[in-house]
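The values are calculated or read from the model by the stated rules, or taken from the named source; none is laboratory data. Fair warning: this is a prediction, and the values are worked out from it, not measured in the lab. FYI the Cβ positions are ideal-geometry reconstructions off the backbone, even for glycines, and counts take in every protein chain you see. Note: areas computed on protein heavy atoms with side chains; ligands, DNA, RNA excluded. Shrake-Rupley method; radii C 1.70, N 1.55, O 1.52, S 1.80 Å.
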Amino acid sequence: MLSPETRAFLTELAGRPPVDEPLWVEALTHGSTGAARDYQRLEFLGDRVLGLVVAEWLHAAETGDEGRLSQRLNALVSRATCARVARSLGLGGHIRLGKQARDDGGADSDNILGDVMEALIGASFVTHGFEDTRMMVRRLWADAMAGKTGQAKHPKSALQEWAAGNRRRMPEYRLVERSGPDHAARFTVAVSIHGVGEAEATAGSKQEAETKAAEEFMHRFG
């Protein structure tokens, strides 16, 4: 069952105490725990609910054409944005992970944080209904909506959109090498999409190397 700390976290998140606690436990449970039920089914549902809420919001708030709206939608519901929202809430400390996954940094993984954020949206939809979930998403995504998320295509976002549009798996980034002293470190990162290919780039930060690798991938395969 939920710990007092996690129950308080979910109460603040949804604006009311959680009902059907096993469902919320499921939403917070990663497969590495070996539990009979993990977050994947609720993530599937929450992803669709999030997309509908943000699409409706953009349609009402912006005047751009379909292409422009789609660009913003893809950025606002991306795993990276979901993970940023999750971090802002301190979600990582409430995720149920197996020991190895936690030791490997799973509580701060974009993939896991983004997936669990969507699972919580799914759990809210099941227990509280669409309108309350819509209000929750609008509150949590207010900063991203008001900011520049999706206003200009970042190379990593462009690559995500390309993958989605071509029915491919999402890009996977991995650190190939870190070299040099701390004050002048160099990072080589590879990005790959299953069934398409891989590209590498080197830069002075891991984030910059990922951005350049995405650019190189699009140059080669896009």
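Using a Gaussian network model of the chain in which every pair of alpha carbons under 10 angstrom is joined by a spring, one finds that among A142, A119, A86 the greatest mean-square fluctuation is at A142.
For the chain, a crude dipole built from +1 on the beta carbon of Lys and Arg and -1 on the beta carbon of Asp and Glu, taken about the Cα centre, is about 140 debye to the nearest 20. Highest-first packing order for the peptide set 74-83, 48-57, 101-110 is 74-83, 48-57, 101-110, based on the mean count of other beta carbon atoms within 10 Å.
Just check the chain against the gyration tensor rule for me: Cα atoms, a ≥ b ≥ c as the square roots of the eigenvalues, rounded for a/c under 1.5, and otherwise prolate or oblate depending on whether a/b exceeds b/c. Note, shape of the chain comes out oblate.
Ignoring any ligand, DNA or RNA, what whole percent of the accessible area of region 1-132 comes from carbon and sulfur when the probe is 1.4 angstrom? The partial results should precede the final answer.
Values: 3370 of 6470 Å².
Solvent-exposed carbon and sulfur of region 1-132 make up 52 percent of the total.
Each Lys and Arg Cβ is given +1 and each Asp and Glu Cβ -1; about its Cα centre, region 11-139 then shows a dipole of about 160 debye. Projected label points at A8 and H219, each 7 Å from Cα along the beta carbon direction, are separated by 5.2 nanometres. Take every Cα pair under 8 Å whose residues are at least 6 apart in sequence, average their separation, divide by the length of the chain, and the relative contact order is 17 percent. Per residue, the accessible area of the chain comes to 53 Å², computed with a 1.4 Å probe over protein heavy atoms only. Hey, if you put +1 on the Cβ of every Lys and Arg and -1 on every Asp and Glu Cβ in region 95-178, which of A163, L113, A146 ends up farthest toward the positive end of that dipole? Final value for the positive-end residue is A163.
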